[in-house]
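One structure below.
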Amino acid sequence: MLAETLAAIRPADQRALAEARAHQDRLTKPRGSLGALEDVAIRLAGAAGACPPPMPSPAALAIFAADHGVHARGVSPWPQEVTVQMVANFLSGGAVANAFAAQAGVPVTVVDVGVAADLPDAPDLVKRKIAYGTADLSRGPAMTVDQAVRALEAGIVVARGLVAEGARCLIAGDMGIANTTASAALVSVFTGKDPAEVTGRGTGIDDGTHERKVAIVREALQVNGLMREEPQPAAVGSSPSEALRALAAVGGFEHAAIAGFILYGAAARVPVILDGVIAGAGALAAAALDPAATDHCVAGHRSAEPGHAAALDHLGLRPLIDLEMRLGEGTGALLAHPMVCAVVRMMHDVATFDAAGVTEKPV
Ligand SMILES: Cc1cc2ncn([C@H]3O[C@H](COP(=O)(O)O)[C@@H](O)[C@H]3O)c2cc1C
Ligand SMILES: O=C(O)c1cccnc1
């Protein structure tokens with residue numbers, strides 16, 4: 001299924017990109033007046049292979065939940081049970097993601113890909129548990145390659161189901177106590193940046209804990225044979241099998257599932273709005289498996305985690321919103337969704353200078 005999805009991915013369509021650029025310049029507004037939003041409209045046309053691109057609506061949010069063996073090393077101030085407790089909270093509609101999703105008119109699906117507890121059945125819960133949490137990435141591989149592939153395929157299956165039900169925009173969220181540690185390790189591995197530059201404070205840790213978290217990320221890279229010589233060249237991921245091995249070594253089940261979710265969106269030409277550092281790390285893994293996947297992504301926001309900026313830089317994505325948020329769950333992407341819809345609607349609805357009889361600026 002992974003191979004099939006990868007084989008279906010096409011990069012941005014150059015003709016649609018050119019057409020969208022030309023169309024933007026004919027609309028009744030001064031050229032460039034919508035700033036970076038113009039690039040989003042052009043990007044979506046390239047991704048869809050059509051100008052104007054289809055409306056990215058309705059959207060669907062999938063929150064991928066999993067636990068992390070590295071939690072045992074004290075990298076998060078929160079107990080591990082908060083993961084399963086928050087899953088229950090998402091399912092009863094009580095989390096920030098539910099409020100933002102309700103505001104944006106986006107349905108929420110929760111996917112258990114590796115929570116360290118059993119969950120009762122619920123209408124909006126998809127059960128695809130690979131294991132009861134990953135192994136500790138600072139002592140050896142967090143997942144086997146087979147587990148990573150199964151998590152990727154869980155993301156593919158969920159995206160495929162949502163698109164089959166009519167979703168025309170995919171939003172990936174995450175829940176997993178300690179997952180900013182795995183995110184930092186993935187960002188370091190895929191961007192070639194030092195752990196000290198990309199490891200943040202997650203839900204909020206003091207200086208001493210942060211110092212230990214950086215050391216644990218470094219240890220994870222060393223133990224898993226992912227530390228390169230100085231100066232570090234760009235990124236693991238020169239081959240898909242190397243990318244898969246790196247994802248399995250230091251990722252989480254939710255990172256792998258988010259990567260699969262992105263790959264399916266790219267294959268189906270349904271745009272994916274990325275959230276914070278966890279989704280960003282998943283997007284790096286997806287890009288290492290097929291660089292063309294990034295053409296189908298929009299960066300919803302930039303989180304306060306330093307690794308997120310590094311991930312977005314590496315992917316060449318500019319975030320739409322930058323409000324120092326650091327929550328995850330898909331919250332930043334949900335806020336960006338109406339903006340993405342607005343720019344696509346503009347491509348459909350705004351009159352050209354010719355059609356509206358508005359005089360263009362003399363050249
Ligand atoms: C109540 C609560 C709700 C959350 N929603 C998302 N996260 C976010 O914080 C966690 C990552 O941070 P760290 O690596 O520091 O543990 C993830 O679960 C992420 O989704 C939450 C965290 C908490 C505590
Ligand atoms: O960037 C994020 O999404 C994030 C940051 C801190 C904690 N949880 C999520």
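Below, the figures for the structure above:
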{"item": "Equivalent ellipsoid, the range 46-184 (semi-axes from 5 times Cα gyration tensor eigenvalues, Å)", "result": "28, 18, 14"}
{"item": "In degrees, nearest ten, helix 36-48 long axis to first principal axis of the chain (Cα)", "result": "80"}
{"item": "10 Å binning of all Cα-Cα separations within the range 197-330, expressed as whole percents from 0 upward", "result": "12, 42, 36, 9, 0"}
{"item": "Within the range 156-259, trypsin sites (Lys or Arg not before Pro) in DSSP loop having at most 16 other beta-carbon neighbours inside 10 Å", "result": "228"}
{"item": "Directionally averaged projected area (convex hull, Cα atoms, the range 118-161), nm²", "result": "3.7"}
{"item": "More than 16 Å apart - percent of Cα-Cα pairs taken over the range 113-228", "result": "68"}
{"item": "Folded to 0 to 90 degrees: helix 145-164 orientation relative to the chain principal axis, Cα", "result": "30"}
{"item": "Beta bridge orientation in the chain: antiparallel %, DSSP, nearest 5", "result": "5"}
{"item": "Share of alpha-carbon pairs per 10 Å distance bin for the range 265-363, given as whole %", "result": "15, 40, 23, 14, 8"}
{"item": "Using alpha-carbon coordinates, inclination of helix 240-250 to the longest axis of the chain, degrees", "result": "50"}
{"item": "For a label point 7 Å along the Cα-to-beta-carbon line of residue 96, residues of the range 313-328 with backbone N under 19 Å", "result": "319-328"}
{"item": "Taking 112, 124 and counting other C-beta atoms within 10 Å, the order from fewest to most", "result": "124, 112"}
{"item": "Longest site-free stretch - the chain; sites: GluC sites (Glu not before Pro), DSSP loop, at most 13 other Cβ within 10 Å", "result": "1-164"}
{"item": "Debye intensity ratio I(q)/I(0), log10, the range 59-336, q values 0.07, 0.10, 0.12 Å⁻¹ (C-alpha model)", "result": "-0.20, -0.41, -0.61"}
{"item": "Prolate/oblate/rounded call for the range 319-363, Cα gyration tensor, a/c under 1.5 rounded", "result": "prolate"}
{"item": "Full-stretch length increase - residue 165, residue 119 - with 0.36 nm per residue and alpha-carbon distance subtracted", "result": "14.1 nm"}
{"item": "Debye-sum result for the range 60-119 in log10 I(q)/I(0), which assumes one identical scatterer on each alpha carbon, at q = 0.14, 0.15, 0.24, 0.27 Å⁻¹", "result": "-0.43, -0.48, -0.97, -1.11"}
{"item": "The range 267-280 - phi-based ³J(HN,Hα) in whole Hz, Karplus 6.51/-1.76/1.60, Gly and Pro as x", "result": "5, 8, 6, 10, x, 10, 8, 7, 9, x, 5, 6, 5, x"}
{"item": "Charge context of residue 354, other residues only, Cβ under 13 angstrom, K/R +1, D/E -1", "result": "-1"}
{"item": "Phi to ³J(HN,Hα) by Karplus 6.51 cos²θ - 1.76 cosθ + 1.60 over the range 82-99, Hz, x for Gly, Pro", "result": "4, 4, 5, 5, 6, 4, 4, 5, 4, 6, 9, x, x, 8, 4, 4, 5, 5"}
{"item": "Residue 177 long-range amide H proximity, modeled H, under 5 Å", "result": "83"}
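Just so you know, all these numbers are worked out from the coordinates, no wet-lab data involved. If you're wondering where the values come from, they're calculated on a predicted model, not measured in any experiment. Because the Cβ atoms are built from the backbone with ideal geometry, glycine has one as well, and the counts that use them run over all protein chains shown.
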